[in-house]
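A.B. asks: Mind looking over this structure? Questions follow.
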Amino acid sequence: MANKNHIIPVHPGEKIEITVKSQGSSGDGICKHKGYTLFVPNGLPGDQVFIEVIKVTPRFGVTRIIELRSPSPYRIKAPCPVFTLCGGCKLQELTYDKQMEFKVGVVKDTLKHIGKIEPPLIRSVPAEKIYNYRNKGSFAIQKQAGFLRMGFFKQGSHDVVGTEQCGILHNQINSAKEYIRELLIKHQVSIYDEKKHLGLFRELVIRHSQTTNQLLVGLVTT
C-alpha cells in the first residue's frame with residue numbers, strides 16, 4: 001500500500017531532462033526522478049529526453065516526450081509511417097535483438113513477481129520474418145469527417161488511425177482489408193458511431209491460414 005504521507009517530487013506540467021533506464025511490460029520507458037517512478041511512452045532505454053509530467057499518482061507518474069535530446073544506441077527508424085500515432089505497436093523503434101531481450105525479461109519478471117517462480121534459463125528464438133508475419137488482424141471501423149477508416153486505435157483514444165498497409169500483418173490480410181473497405185464504401189453500408197450509439201458494422205477480423213493460404217473474414221456488428 002502506498003504511503004499517504006509520501007511526498008511526490010513532481011507535479012503535472014513540470015518539465016525535466018532525464019535518461020530512460022528501462023522498459024515496463026507494456027513497452028513504455030521507465031526512469032527515476034528523486035526515487036519516484038516516471039513512465040515515458042515511446043521512450044527507450046538509453047534515451048536522454050526532455051519530458052513533461054502529465055499525471056501523478058502516489059506510486060508513479062506519466063509523462064510525454066517534448067524533445068529527444070540524445071537517442072538510445074538501440075533506437076532505429078520505425079518502418080511504419082503511422083507508428084507514432086497508432087496504438088498497435090510499441091517496439092518498432094527498438095532493434096530486433098533488444099526486442100527479444102525485452103520480451104524474455106517480461107516473461108522472467110512475470111514468473112518471478114506474479115508466479116513466485118525462480119525463472120529458468122529462457123532462450124529466445126529469432127523469427128524467420130520480422131515483418132508481414134502476423135496471421136490475424138482485428139480492425140476498428142470508423143467514419144471520420146465522412147471518410148471510412150479501418151485500422152487500430154490511436155494511442156490513448158478511440159480514434160482510428162487508418163493506413164493501407166500494416167507492416168506487421170500478412171500481405172493478404174492488408175489487401176483483403178482494403179478490398180472490404182472499398183466494398184463498404186461502394187454499397188454505403190451503415191458504420192457504427194460510438195458517440196451516437198447508432199450504425200451496424202464496427203469491426204473487421206481477418207485471419208490467414210499458412211497451410212491453405214486461405215482467409216477467414218468476419219464482420220462484427222452491433
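The values are calculated or read from the model by the stated rules, or taken from the named source; none is laboratory data. Small disclaimer: the values here were computed from a predicted structure and weren't measured. All Cβ positions, even for glycine, are placed from backbone atoms using ideal geometry, and neighbour counts span all protein chains on display.
A.B. asks: For Gly167, are the conditions met, namely being surrounded by 15 or more Cβ atoms within 10 Å (Cβ to Cβ), of a type in the set (Gly, Ala, Ser) and not in a loop (DSSP other than H, G, I, E, B)?
C.D. replies: Numbers: surrounded by 15 or more Cβ atoms within 10 Å (Cβ to Cβ): yes; of a type in the set (Gly, Ala, Ser): yes; not in a loop (DSSP other than H, G, I, E, B): no.
No; evaluated as a whole, the condition is false for this residue.
A.B. asks: Continuing with this model, one more query. Kindly check whether there is at least one residue in the stretch 110-118 that is outside the structural domain of Leu216 (by TED's automatic domain parsing) and at positive phi.
C.D. replies: Filtering the stretch 110-118 down to residues outside the structural domain of Leu216 (by TED's automatic domain parsing) leaves 110-118.
With at positive phi added as a condition, the list becomes 116.
The answer is yes; a qualifying residue exists.
A.B. asks: State whether one or more residues within the stretch 18-39 are surrounded by 16 or more Cβ atoms within 10 Å (Cβ to Cβ), among the aliphatic types (A, V, I, L, M) and under 19 Å from Lys154 (Cβ atoms).
C.D. replies: no
A.B. asks: Still on this structure, I have one more. Condition first: of a type outside the set (A, V, I, L, M) and within 16 Å of Gln144 (Cβ to Cβ). Now tell me which residues in the stretch 187-202 satisfy that. Walk me through it before giving the result.
C.D. replies: Filtering the stretch 187-202 down to residues of a type outside the set (A, V, I, L, M) leaves 187-188, 190, 192-197, 199, 201-202.
Answer for the stretch 187-202, where residues must be of a type outside the set (A, V, I, L, M) and within 16 Å of Gln144 (Cβ to Cβ): Ser190, Tyr192, Asp193, Glu194, Lys195, Lys196, Gly199, Phe201, Arg202.
A.B. asks: Given the options Pro73, Pro45, Pro79, Pro58, name the one that is at negative phi, surrounded by 15 or more Cβ atoms within 10 Å (Cβ to Cβ) and either at pLDDT below 95 or not in a helix (DSSP H, G or I) (or both).
C.D. replies: Numbers: Pro73 fails: surrounded by 15 or more Cβ atoms within 10 Å (Cβ to Cβ); Pro79 fails: surrounded by 15 or more Cβ atoms within 10 Å (Cβ to Cβ); Pro58 fails: surrounded by 15 or more Cβ atoms within 10 Å (Cβ to Cβ).
It is Pro45.
A.B. asks: So, one more: Out of the stretch 127-166, which residues are more than 15 Å from the chain's Cα centre (by Cα) and on the phi > 0 side of the Ramachandran plot?
C.D. replies: Matches in the stretch 127-166: Asn132, Ala145, Gly146.
A.B. asks: Considering only residues of the stretch 115-156 that are in contact (Cβ under 8 Å) with a residue 60 or more places away in the chain and not in a strand (DSSP E or B), which is nearest to Ala78 (Cα to Cα)? Walk me through it before giving the result.
C.D. replies: Filtering the stretch 115-156 down to residues in contact (Cβ under 8 Å) with a residue 60 or more places away in the chain leaves 135-141, 151-156.
Subsequent filtering for residues that are not in a strand (DSSP E or B) retains 135, 155-156.
Numbers: Asn135: 21, Gln155: 16, Gly156: 20 Å.
The qualifying residue nearest to Ala78 (Cα to Cα) is Gln155.
A.B. asks: Kindly indicate the residue of the stretch 18-36 that is of a type outside the set (A, V, I, L, M, F, W, C) and over 19 Å from the mean Cα position of the chain (by Cα) and also nearest to Val107 (Cα to Cα) among those meeting that condition. So that I can check it myself, show each step before the final result.
C.D. replies: Pass one, the stretch 18-36, residues of a type outside the set (A, V, I, L, M, F, W, C): 19, 21-29, 32-36.
Among the residues that remain, those that are also over 19 Å from the mean Cα position of the chain (by Cα) are: 19, 21, 32-36.
On the way: Thr19: 25, Lys21: 19, Lys32: 23, His33: 26, Lys34: 28, Gly35: 25, Tyr36: 25 Å.
Filtering first and then ranking leaves Lys21.
A.B. asks: Same structure, new question: Given the structure, is Gly24 modelled with pLDDT of 95 or more and not assigned by TED's automatic domain parsing to the domain that holds Gly167? Write out each step before concluding.
C.D. replies: Numbers: modelled with pLDDT of 95 or more: no; not assigned by TED's automatic domain parsing to the domain that holds Gly167: yes.
Here the answer is no, as Gly24 does not meet what is asked.
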